[in-house]
Amino acid sequence: MTIVPPAVKPARPFFSSGPCAKPPGWSPEKLQIESLGRSHRAKIGKSRLQLAIDLMREVLQVPDTHRIGIVPGSDTGAIEMAMWTMLGARPVTMMAWESFGEGWVTDVNKQLKLNANVMNAPYGEIPDLGAVDFTNDVVFTWNGTTSGARVPNGDWIADDREGLTFNDATSAVFAYDMPWDKLDVTTFSWQKVLGGEGAHGVLILGPRAVERLETYTPAWPLPKVFRLMSKGALAEGIFKGETINTPSMLAVEDVIFALEWAKTVGGLHGLMARSNANAAALGDIVAASDYLGFLAADPAIRSKTSVCLTVKGADEAMIKKMASLLEAEHAAYDIAGYRDAPPGLRIWCGATLDTADIQALGPWLDWAYAQAKA
C-alpha cells in the first residue's frame with residue numbers, strides 16, 4: 001500500500017531552533033529603511049539601536065535597575081563576555097544539562113582554568129536545584145535548547161545570595177516570566193522566540209553585576225569585543241546603543257519589527273500564551289501517538305519552546321530520514337534533534353508560530369515515521 005502525505009499542509013514551515021519562523025505579517029518591504037546603509041554611529045543609527053533596547057525593556061518588563069546592551073557574537077558572545085569579565089572573583093558553580101551548558105563549562109574550566117564545581121544532568125533532566133551553593137557565582141541555562149529541559153521557575157535562586165547568577169536565557173526570554181530580581185546577568189539572542197536574525201547578542205546586567213565589574217579586574221587579558229569597562233568605569237555607551245563593533249542595521253530593523261509585532265499580540269504575556277498554546281498542541285499530538293514521547297519526561301521542567309521528542313525504535317539514521325522526508329515536502333524544516341542529544345526530534349513551539357501550524361504537523365509526523373520505518 002502506498003502511503004501518501006496528508007492533504008492539509010501547514011501554513012508555514014517549522015523550525016527546531018533559530019533562525020525561527022518570522023512573525024506573521026513580516027516582509028522585507030515592511031522594515032523601516034531610514035537607517036539602512038547608514039553608519040551605526042550616525043544619529044539615526046544610534047537612535048534605532050536605542051529603540052531596540054527600549055522595546056526589549058518594555059516587552060520583557062525589565063526594571064530600570066538593569067542595563068540592557070547589544071553585543072557581538074549572538075548569545076554565545078554575550079554569555080562569554082559576561083563570564084570572561086566577571087568570573088574569578090569567587091568560587092564558581094557551573095550547571096549543565098545540555099550541549100551549550102557543557103560549552104560554558106569548557107570555557108570556565110579549560111580556558112579560564114577556574115576549577116569550577118560542575119553540576120551535570122543527562123539530557124531531559126536537570127540537576128538538583130536545592131543543592132546549589134549561592135556563596136558561589138552560578139552559571140546556568142534557563143531553557144536547554146538542545147535537551148528540552150528547563151528550570152521550573154526562579155524560586156530556587158536565593159534572595160540573599162553572595163555570588164552572582166549568570167543566566168543563559170536565549171530560548172527562554174519572551175516565553176517565560178523572568179524573575180529579574182534574581183538574575184544578575186542574563187544573555188540571549190534575537191533568533192529564538194522573536195524569530196530575528198542571528199549574530200547579535202543581548203546582555204542584561206543587574207546592579208550587583210555592575211558592582212562586580214567596577215570592583216573586580218580579571219587576571220587574564222580581554223579582547224576588545226569583551227571589554228565592558230573603559231578608563232576604570234563602566235562603558236555606559238554600550239547600554240545606550242553605542243555598540244562595541246559594527247552591527248547589522250538590517251538585523252536591528254528586523255528585531256524592531258518583531259518587538260513591535262509582539263506588542264500587538266499582548267506583549268510578554270501574549271507571547272507566553274502563544275508559546276504555551278503551541279506546546280500544548282504538540283502535547284496533544286504526543287498523547288495521541290504510540291511512537292512519540294518527551295525527552296524531558298517531567299512536565300514541570302519540560303521546555304515550552306524547544307520541545308525535544310523521543311521516537312520509538314529510531315536511531316540517528318531514521319531521524320535523519322524523517323527530517324529529510326518532511327523537508328522535501330516543505331512540511332517541516334530542521335527538526336532532527338541536536339547532534340549531541342539522543343536520537344529524536346526537536347520541534348520549535350515559540351510565539352511566532354500559529355497553533356494551527358503545530359496541529360497540522362501531527363499527520364506529517366505519522367507519515368514520515370511510517371515512511372522511514374518502512
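The values are calculated or read from the model by the stated rules, or taken from the named source; none is laboratory data. This one's a predicted model, so the numbers in the text were calculated from it and none came from an experiment. Cβ sites come from the backbone with ideal geometry, for glycine too, and all protein chains shown count toward neighbours.
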Which listed residue, of 333, 338, is closer than 22 Å to residue 24 by Cβ and either touching a helix residue (DSSP H, G or I) at 6+ places or on another chain (Cβ under 8 Å) or small (Gly, Ala, Ser) (or both): 333
Odd one out for residue 280 among (1) more than 27 Å from residue 97 (Cα to Cα); (2) under 21 Å from the mean Cα position of the chain (by Cα); (3) of a type outside the set (Val, Ile, Thr): (1)
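This table checks each residue for (1) assigned by TED's automatic domain parsing to the domain that holds residue 322; (2) surrounded by fewer than 20 Cβ atoms within 10 Å (Cβ to Cβ); (3) within 21 Å of residue 59 (Cα to Cα).
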{"site": "258", "(1), (2), (3)": "no, no, yes"}
{"site": "271", "(1), (2), (3)": "yes, no, yes"}
{"site": "276", "(1), (2), (3)": "yes, yes, yes"}
{"site": "288", "(1), (2), (3)": "yes, yes, no"}
{"site": "291", "(1), (2), (3)": "yes, yes, no"}
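For (1) touching a residue at least 24 places away in the same chain (Cβ under 8 Å); (2) buried (at least 18 other Cβ atoms within 10 Å of the Cβ); (3) within 21 Å of residue 276 (Cα to Cα), each residue gets a yes or a no:
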| position | (1), (2), (3) |
| --- | --- |
| 327 | no, no, no |
| 330 | yes, no, no |
| 341 | yes, yes, no |
| 348 | yes, yes, yes |
| 372 | yes, yes, no |
Neighbours by Cβ (under 7 Å, 6+ apart or cross-chain): first from the stretch 97-112, under 19 Å from residue 188 (Cβ atoms); second part of a helix (DSSP H, G or I): 104/79; 104/83; 107/80; 107/83
